[in-house]
Structures are given as C-alpha cells and as structure tokens.
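Below is one structure, written out as structure tokens; comments come after it.
None of the figures in this text is laboratory data; all of them are computed from the coordinates on show. Because the structure is a prediction, the values reported are computed rather than measured. Please note: Cβ atoms are built from the backbone with ideal geometry, for glycine as well, and neighbour counts cover all protein chains shown.
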Amino acid sequence: MFMPARVRVFTHCFSSLLAPYSSSSSSLCSLHFSRPFTTSISQSASPNVSATKTPKISVSDTTKFATNILFIPPGIEPNEVTDGMILTGSNIVLGPYAGDSKVKEVQFIGSSSRPKDCPKDDRPEFAMLGRSNVGKSSLINSLVRKKEVALTSKKPGKTQLINHFLVNRSWYLVDLPGYGFANAPESARMDWSSFTKGYFLNRESLVCVLLLVDASVPPQKIDLDCANWLGRNNIPMTIVFTKCDKMKNSKGKRPDENIKSFQELIKENYKIHPPWIMTSSATGLGRDELLLHMSQLRNYWDN
Ligand SMILES: Nc1nc2c(ncn2[C@@H]2O[C@H](COP(=O)(O)OP(=O)(O)OP(=O)(O)O)[C@@H](O)[C@H]2O)c(=O)[nH]1
Ligand SMILES: [Mg+2]
C-alpha cells in the first residue's frame with residue numbers, strides 16, 4: 001500500500017486511547033494512525049551522510065530515565081543512545097543522518113494564497129506553524145541569520161500568505177499565517193482551517209511541521225488542539241518552544257516550567273514523545289541544534 005514517506009517515518013505514534021477530543025476539527029481525524037517510526041525504519045537503510053559511530057559509553061541515570069521521552073531518529077537503537085548524543089535544550093538525539101547544517105544562502109521564492117499555488121519542485125520543506133505572534137517569521141530570520149528575510153511585527157497577523165524561502169538551493173523554509181489572533185484586529189483574522197489545513201494535508205514534500213509554542217506563557221488550549229490535530233492526521237511535527245529568553249518574567253511561571261507543563265499534557269496523547277527544542281530568536285538559543293535536527297530529518301527524507 002502506498003504511504004507517503006513522512007507518514008512511514010516521522011510521525012510519533014499518536015495514541016488512539018485519547019481523552020475525548022474537543023476540537024471542532026475532529027471530523028478531519030478519520031485517517032489511520034501510524035505505527036511508531038522506530039519500527040517502520042528499513043533495517044537495510046544506510047545513511048547517505050558521513051557519520052562517525054559514537055563509541056558506546058555509559059548512559060547516565062538521567063538519560064536512562066528519559067529514554068522513553070527522547071526522540072530517537074532513524075539509524076539508532078534506543079540502547080545505543082548516550083548523553084552526548086542529545087542536543088542541548090531538547091529531547092532530540094542526533095543520529096547518523098545528521099549532516100551539514102550550515103545555511104549558505106537563502107532566496108525568497110514567492111507567496112501563495114492557495115496551497116495549490118505553492119512551488120511544485122518537490123524539494124523537502126519545513127513549515128512554521130503556531131499562534132500569531134509566537135515568532136514564526138523571527139525564527140526563520142534567526143535560522144538563516146538575516147534580519148528581514150521574513151517580515152515580523154509586534155502586531156499579530158503580519159504573515160498572511162504561504163511564503164517559501166529556498167535555503168542552499170535545496171530545501172524550503174515555509175512561513176505561514178498564525179492561528180489564534182487573540183489580540184489581532186478583526187481585519188487580520190482569517191479562516192485558518194480552510195487555508196492552512198489544506199496545505200498540511202496535501203503537501204507531499206512536507207518533511208516536518210515546526211509547531212512553535214510560546215514558552216513565556218502557560219500551555220494554551222489552542223496549541224494543544226493543534227498538536228493533537230497534527231498527530232491525528234499523521235503529520236510529523238517538532239515542537240519548537242520560542243521566546244525562551246524571557247526568563248525574567250516576574251509574574252507567572254518561567255519558560256522551563258511552562259515547557260514542562262506543556263510536555264505533561266502532550267505526553268497523555270503520544271506513546272512516543274515528539275521531538276521538542278528550546279529556542280530564542282533574540283539570543284540565538286537552539287538555532288544550531290534545530291538546524292542539525294532538520295538536517296537529519298532532511299537527509300533521511302532524501303535517502
Ligand atoms: N523576546 C523575544 N521576542 C521574540 C522572539 N521571537 C519573536 N519575538 C517577537 O515577537 C513578535 C512577533 O514575532 P513574529 O516573528 O512576527 O511572529 P509571527 O509568529 O511570525 O506572527 P504572525 O506573522 O502575526 O503570525 C515580534 O515583536 C518579535 O520581535 C524571541 O525568541 N524572543
Ligand atoms: Mg509572521
């Protein structure tokens with residue numbers, strides 16, 4: 001049976017034993033659930049990037065404890081994981097598919113108002129998804145180290161179209177309109193469900209969705225609903241916590257506490273925890289690590 005590569009490999013075993021799902025999008029969730037990606041990897045697959053085999057050294061108690069919530073990429077067995085293979089500020093294990101993650105050039109290719117108008121060249125792509133103002137466009141600028149490749153604003157609703165940015169002439173970063181719009185003017189609201197959902201459900205070249213979650217606020221229902229919707233539709237995601245520099249927040253909880261709460265809520269729905277990483281576009285935190293993670297997803301995809 002034909003199954004897109006992304007479904008075979010990178011979905012995170014969304015549990016069918018879910019607590020009742022309250023989102024109005026539940027009618028879209030009739031697709032089958034995938035098996036854990038770790039069991040669907042071909043044993044004969046060989047990495048197409050050079051990688052030094054990490055010597056087996058003892059695994060700390062922390063790692064042993066965390067193994068069931070680590071993201072273990074293709075090419076590695078859970079018992080091969082050592083502390084040094086886990087990317088800082090994340091649950092992501094770096095595997096043999098990780099390769100050159102340097103951004104040498106970036107080109108803005110164009111904006112599309114409909115998913116069917118997006119580039120048709122099948123290059124692998126990563127899409128930024130998240131509430132309006134969470135920092136999607138800023139993260140693109142941070143990843144490519146350019147200030148205004150993607151336009152940002154303090155006001156929510158800045159990005160209104162599907163914007164494709166070609167990196168190193170070989171893969172795309174895709175900036176998308178945000179959902180939520182809690183503080184946005186009425187004119188900036190849009191029908192996220194018909195516009196952006198169509199993109200996620202039909203884009204064959206989508207390697208992974210980067211689901212951006214603001215770490216400076218407690219978990220929001222709309223973000224959890226979004227994560228659940230992606231899981232139910234077998235769309236692979238990496239949770240990217242943004243604004244982790246906002247540590248001096250005197251009111252409310254700190255980013256690390258908010259991240260922990262979000263993880264706890266996500267854990268209920270995923271048998272295998274999706275990859276997550278802490279970032280800040282203001283300080284560059286997590287930038288290199290996220291690029292490395294994307295390189296391993298991309299290289300496996302290309303394989
Ligand atoms: N402190 C801090 N501020 C950030 C960070 N990322 C983004 N911001 C700020 O958050 C605001 C929104 O950033 P954008 O990148 O435009 O957010 P967006 O998600 O693209 O928003 P929409 O296009 O409206 O959906 C801007 O004022 C950014 O400077 C971050 O990591 N730390
Ligand atoms: Mg934007």
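What FRET efficiency comes out for the pair LYS260/LYS221, r = Cβ-Cβ distance, R0 = 25 Å, nearest 0.05? Numbers along the way, then the final one.
On the way: r = 17 Å, r/R0 = 0.70.
Once rounded, the FRET efficiency stands at 0.90.
With r defined as the distance between the Cβ atoms of ASN202 and ARG169 and R0 fixed at 25 Å, what FRET efficiency is calculated, to the nearest 0.05? Walk me through the numbers before you get to the answer.
On the way: r = 24 Å, r/R0 = 0.98.
Step by step, r from the Cβ atoms, then E = 0.55.
What's the ranking of 290-299, 146-155 by average number of surrounding C-beta atoms within 10 Å, highest first? Show your work: numbers first, answer last.
Working: 290-299: 22.4, 146-155: 13.7.
Averaged packing, sorted descending, gives the order 290-299, 146-155.
What pairs from LYS136/LYS253; LYS102/LYS146; LYS147/LYS197; LYS155/LYS243; LYS154/LYS197; LYS154/LYS246 go past 18 Å between their alpha carbons?
Details: LYS136/LYS253 22 Å; LYS102/LYS146 14 Å; LYS147/LYS197 28 Å; LYS155/LYS243 16 Å; LYS154/LYS197 25 Å; LYS154/LYS246 15 Å.
The answer is LYS136/LYS253; LYS147/LYS197; LYS154/LYS197.
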